[in-house]
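This report refers to the structure that appears directly beneath it.
The values are calculated or read from the model by the stated rules, or taken from the named source; none is laboratory data. Keep in mind the model is a prediction, meaning the values are calculated, not measured. For neighbour counting, all protein chains shown are included, and Cβ atoms are generated from backbone atoms with ideal geometry for every residue, glycine included. Just the protein is used for accessible areas: all its heavy atoms, side chains included, with ligands, DNA and RNA removed. Shrake-Rupley method; radii C 1.70, N 1.55, O 1.52, S 1.80 Å.
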Amino acid sequence: MASLPSSARCVIIGAGIVGNSLAYHLAELGWTDIVQLDKGPLPNPGGSTGHASNFIFPVDHSREFADITLDSVRQYKELGVFTESGGYEVARTEERMEELRRRMSSAKAWGIPAELVTPEQVVEKVPFLDPSVIIGAAWFPTVGVVDSLRAGTIMRERAVEKGALTTVPNVEVTGIEVVEGRIRAVETSQGRIEAETVVIACGVWSPKIARMAGARIPLTPAVHQMISVGPCEVLAERPGEISYPIVRDMDTFCYERQHGSDMEVGSYAHRAILWDPEDIPSIEQSKLSPTELPFTEDDFDPQLEQALELMPELLGDERAEIRYAINGLLSLTPDGYPILGETPEVKGLWSAAAVWIKEGPGTARAVAEWMTHGNPEIDLGHSDIARFHPHQKTRAHVKARTSESFIKTYGIVHPGEQYESNRNIRLAPMHASERELGAVFYETAGWERPFWYESNAGLVEKFGDACMPRENEWDSRWWSPIINAEHLQMRETAGLVDLSAFVVFDVIGPQALAAVQNIIVAQADVKIGRVVYTPVLDETGGFRSDLTVMRLAHDHFRVVTGGAHGMADKKWFSDRMPDGAVVVDLTSSWTTIGIWGPKAREIVSAITDSDMSHQGFPFGTCREIEVGSLHVLASRISYVGEYGWELYTPMEAGAALWDRLLEVGTPLGMVPVGIGVYGTTGRLEKGYRAYGAELDSERTLMETGMSRAKWKDQDFVGKDAVVAQAQEAPKAVLCTLTVDDHTSASGVKRYMLGGEPILTRDGGILTDGHGHHPYVTSAGSAPSLGKHLLMAFLPPEQAVVGTELAVSYMEELYPVTVAAADATPLFDPENARIRGLA
């Protein structure tokens, strides 16, 4: 056993699949002097890797998860530890069959082989399954199992062979030393080791280790129950660990997976059983391992009965018995994504946590690239540890959300579905008024945001079929025609929008201009009072964000960005501050109210003496105005394609400003409108791109139609990359498409929600220059146009206005046509309304 060195360039805490894979990929990228620690013995130190069922279904509705999983499978195959068995997801209900049709769409979008099959076809490959219990299934031929312990061992040994890694098992981390916000050393049961970089990759123990450094990794250990039944004669007749396809019994939240002569049955249907990391037993206290806890039979009994229904002869064989049963611990996070990246609290302290077997090597490769180059090849925006707001890091929030989401592991989750737990955490100052107006609240970053207002229900009758009602329940779930009615009323008069969820932070100091100039693509050295919309790029020219910047003084800039990604934006800016500039978070100090529409100028002019005319208050400018005794910073920009402003006021004054606008605006026909208008209908009609949908680190300015005729003289992050990219033809082009006919085979009109594959008109596969298949990045109504719009990146040869294609939705093809192959909006393409000329 290696002894503990006194120093290292990098310390990896954890020797499960993630820690081992990370050590290997760092070594491959040229890192040396890496030390890996684990408190358990090798090759199985006692974490979740040691008891995982190790099967991999590659399909996921998330592109990020799918890409990482596919990369992991490629690596497992290269290591020779992957056995392809195929797998079924079976359905007992029509609702589940509809979900399987949706999974077919995701499979097509990500290029994963899949097909729907009958019960009889399932029995051809799984003869011990009772076909009368199910009504259909999805077949995924590339499903398989992996030997994760062997994979980790191979990767660890390869890093050692390169002379890059020293592994020290049976050593416990007891503390982490931080000096002036930067990692300095790791304290262990065998002594102290200095390091400039430390990676926490120890799964369920990660929060405990992070707290030693004053950082937070918001995950919780949670129980997943599993039993192994055997020996089963039919399984024993075939050689090898697995010779039959894996079965996911989705409606009972269970799976059945052959392991030699045994059948493993695992469940996600029981109650959420959560643990604190500090309460996990030690190796010495554990009968099996610290993450293989005593089985609680009562929690599993209902699932065992359901498994017997599905496979009665196999699991009901009197010669078979339960030979192994555990409450196995795994990691859950409050939003279901891994927790990756450098912690916001401590420089040099990285997280590679909440990663399951199917994502292990792919995640490790991406994190190693991130640590080495500053950005990974696969976009990890949803998994960035910097995404969390303070309240989302609390144990109460983590436990509330994971308790709710555990049962949804195999659940049917609508893309618009909202969490019910830990709500009403952040309330806008106008929240009471919004409740009185019948607001239907959705949550973003803890903020309760009105998505539409029931007080506007009468507008649906006013506008009639122009509200584009949706007949199908799935299409209309978490949606209302009131959204489209609010949109049309805003276009006619004006709409009032609560934008309190914005993240607002200032960059101030004598070097503020230099700092902002280096980070944003747009010119930052503008006149005081100017507002610029700008992309923020990484070194490869991929998007890190898009946001607005106001110059308030020669040494004072205000950044406004979305709530969901705002904390990551704040870290991106903070990490790039030179001496003489600082970032100050003002999110909880200011509230934002948007007002837009043909009558917005009349309404705002009625409550202030300031000149709000187009000439007196040009587009792209900001200035302070007085509304009675209220101090308001007005910014004339628009995300909905109408004349108007974002109005910023201190949080305590927000309710008064809101009420004053309603008082004056209501008689003029103004209505409150929800985020359904702001984020979808208004945005799509104008062709505005959204970060996290159209914009991510894998997309470029050229592909999104956001390139510029001239780049500013000053340097900025990503400039070299975009200058080079501008000389090349784009590999994909972002387009807006119209759905030409919504009629399904049943005669019911269907409306896409996002994520669906774009195909040739006859259903053929399209592939862009990246090797990716096009899919819908955003979908929604365009009430002013009477169309349902889709946005998608198409191969350049298809990115031509008038090209006829198809979208696959629930396994049916619907005709679509390319309506825009650049950023030209379909509604008011001359932007006359924004300029107050229409």
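Sub-8 Å Cβ pairs linking a first residue in the stretch 809-831 that is open to solvent by less than 20 Å² (accessible area, probe 1.4 Å) to a second residue that is acidic (Asp, Glu) and not in a strand (DSSP E or B), at least 6 apart or interchain, are Tyr809/Glu756; Met810/Glu98; Tyr814/Asp740; Tyr814/Asp741; Val816/Asp740; Pro825/Glu685, ordered by first then second residue.
Of the residues Phe451, Phe505, which is open to solvent by less than 30 Å² (accessible area, probe 1.4 Å) and either at pLDDT below 95 or in contact with a Phe, Trp or Tyr (Cβ under 9 Å, 6 or more places away or on another chain) (or both)? Every option except Phe505 fails the conditions. Each residue in the stretch 564-584 was checked for being part of a helix (DSSP H, G or I) and open to solvent by less than 50 Å² (accessible area, probe 1.4 Å), and 7 of them qualify. Of all residues in the stretch 421-473, which are closer than 18 Å to Gly495 by Cβ and assigned to a strand (DSSP E or B)? Correct list: Ala439, Val440, Phe441, Tyr442, Arg449, Pro450, Phe451, Trp452, Tyr453. Taken over the stretch 202-212, residues that are in contact (Cβ under 8 Å) with a residue 60 or more places away in the chain and either of a type in the set (Lys, Arg) or open to solvent by 10 Å² or more (accessible area, probe 1.4 Å) (or both) amount to 5.
Within the stretch 662-682, the set of residues being within 20 Å of the chain's Cα centre (by Cα) and either outside any helix (DSSP H, G or I) or farther than 14 Å from Gln489 by Cβ (or both) comprises Ile675, Gly679, Thr680. Among the residues of the stretch 385-400, write down those that are open to solvent by 10 Å² or more (accessible area, probe 1.4 Å) and either in a helix (DSSP H, G or I) or within 19 Å of Ser21 (Cβ to Cβ) (or both). Across the stretch 385-400, the qualifying residues are Arg387, Pro390, His391, Gln392, Lys393, Arg395, Ala396, Lys399, Ala400.
Every test in (1) open to solvent by 60 Å² or more (accessible area, probe 1.4 Å); (2) closer than 26 Å to His61 by Cα is passed by Glu703 save one, and that test is (1).
Pairing residues of the stretch 351-367 that are without any contact (Cβ under 8 Å) to a residue 40 or more places away in the chain and farther than 15 Å from Asn20 by Cβ with residues that are open to solvent by less than 10 Å² (accessible area, probe 1.4 Å) and among the polar types (S, T, N, Q), at Cβ distances under 7 Å and at least 6 apart in sequence or on separate chains, gives no pairs at all.
Restricting attention to the stretch 737-764 and to residues that are hydroxyl-bearing (Ser, Thr, Tyr) and in a strand (DSSP E or B), the residue that is most open to solvent (accessible area, probe 1.4 Å) turns out to be Thr743. The sole residue among Leu100, Leu129 that is open to solvent by less than 10 Å² (accessible area, probe 1.4 Å), closer than 25 Å to Leu315 by Cβ, at pLDDT 95 or above and part of a helix (DSSP H, G or I) is Leu100.
Results for (1) closer than 30 Å to Arg103 by Cα; (2) outside any loop (DSSP other than H, G, I, E, B), shown as yes or no for each residue.
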| site | (1), (2) |
| --- | --- |
| Arg9 | no, yes |
| Val18 | yes, yes |
| Trp31 | no, no |
| Leu42 | no, no |
| Pro45 | no, no |
| Ser53 | yes, no |
| His61 | yes, no |
| Asp67 | yes, yes |
| Leu70 | yes, yes |
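Scanning the stretch 161-168 turns up no residue that is over 29 Å from Val398 (Cβ atoms) and either touching a Cys at 6+ places or on another chain (Cβ under 6 Å) or among the aromatic types (Phe, Trp, Tyr) (or both). Each residue in the stretch 229-244 was checked for being open to solvent by 40 Å² or more (accessible area, probe 1.4 Å), in a loop (DSSP other than H, G, I, E, B) and of a type outside the set (Gly, Ala, Ser), and 5 of them qualify. Residue check: is Arg636 touching a residue at least 24 places away in the same chain (Cβ under 8 Å) and in contact with a Cys (Cβ under 8 Å, 6 or more places away or on another chain)? Considered against the rule, which asks whether it is touching a residue at least 24 places away in the same chain (Cβ under 8 Å) and in contact with a Cys (Cβ under 8 Å, 6 or more places away or on another chain), Arg636 comes out as yes. Within the stretch 139-174, restricting attention to residues that are among the β-branched types (Val, Ile, Thr) and in a loop (DSSP other than H, G, I, E, B), the residue that is most open to solvent (accessible area, probe 1.4 Å) is Thr142.
Among the residues of the stretch 599-657, the ones that are closer than 20 Å to Leu668 by Cβ, of a type in the set (A, V, I, L, M) and crowded, with 20+ Cβ neighbours inside 10 Å come to 12 in all. For the structure I just gave you, tell me whether Leu785 is open to solvent by less than 50 Å² (accessible area, probe 1.4 Å) and either modelled with pLDDT of 95 or more or not small (Gly, Ala, Ser) (or both). The answer is no for Leu785.
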